[in-house]
Amino acid sequence: MRDCCVAFVLASIAFVLAVSTAHAQPQPPRDRSDVEAQARFESGRLAFESGRYEEALADFRRSYELSQRPLILYNIGIVLDRLRRDAEALDAFERYLEAVPDAENRADVEARIAILRTQVAAPPPVQEAAPIPPPPSPRPQEGYEIWAWISAGVGIAAAIAAPITWSAADDAYDDLDRRCGELGCSGAQIDASSAPELVDATNAMIVTAIIAGVSTAVAWTLYFVDLRLPSGTAMRIGPGSLRLAF
């Protein structure tokens, strides 16, 4: 709607509110509510011109409540229209034309009413819901923990078994020395005894304990590193490689 119509009605209402003080002849004191109505109207006009529409709406409504001047309904409708409160603006404009059927701006107001009725009757646009992101993949901390405990158990068992097999191998060689005497045992005699197998078992236990210890350290490292990774990120071990998976 044209801004000139807004200015026209604002000026008209200002004149209506101020007319009681415009005469040169002495006038009886005005009612306190009329004074407040004029003050609130003027405050609303200034707020409207400054773009403070919520303040203007409150002032115009209070001015109308005090004075019941129907022209203020038009101003209320204009402010509500600027605030995009279509249903309330439509009601204010319809009440304005009902109270002032011969309003000079009736054609403009009726045109705006027709637009507002269409907007109020139209259903609100349906907004598509944002897709729900998939849940993050499970973190493999439990797998690392199990791996660490198994490796630790194997390493401890190997570390305990290694001295036992070493002691048994030493006893087997002592027994060979006693049986063979000063001449010493032949290779066949040594191979026929359990001493070489016990030595091999001791070496295997030592190697197993070392590997298990390294494996335990790696597993616990991955476990605690994975706890500090962002959600959805995990450490993965592939053939011959260690990488981050997202």
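None of the figures in this text is laboratory data; all of them are computed from the coordinates on show. Just so it is clear, the model here is predicted, and its values are computed rather than measured. Using ideal geometry, Cβ is built from the backbone for each residue, glycine included, and neighbour counts are taken over all protein chains shown.
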Checklist entry - So, counting K/R as plus one and D/E as minus one, what does the shell of residues with Cβ under 14 Å around Ala201 add up to? => result -4
Checklist entry - What does the charge add up to near Arg40, with Lys and Arg as +1, Asp and Glu as -1, over the other residues with Cβ less than 12 Å from its Cβ? => result -2
Checklist outcome for this item: For the stretch 150-159, in residue order, the Karplus 3J(HN,Hα) values (coefficients 6.51, -1.76, 1.60; θ = phi - 60°; whole Hz; Gly and Pro = x) are 5, 4, 5, x, 5, x, 5, 4, 5, 5
Next on the checklist: Suppose R0 equals 45 Å. What FRET efficiency, 1/(1 + (r/R0)^6) with r the Cβ-Cβ distance, do Glu128 and Arg82 give to the nearest 0.05?
Outcome noted: 0.95
Item to check | Inter-label distance, nm, simple model (7 Å from Cα along the C-beta direction), Glu197/Asp177 | outcome: 2.3 nm
Checklist outcome for this item: Phi-derived 3J(HN,Hα) across the stretch 68-81 with the Karplus relation (6.51, -1.76, 1.60, θ = phi - 60°), rounded Hz, x for Gly and Pro, is 6, 7, x, 4, 5, 4, 5, 4, 4, x, 4, 5, 4, 5
Checklist entry - So for the pair Ile210, Asp102, with labels modelled 7 Å out along Cα→Cβ, what separation do we get in nm? => result 11.4 nm
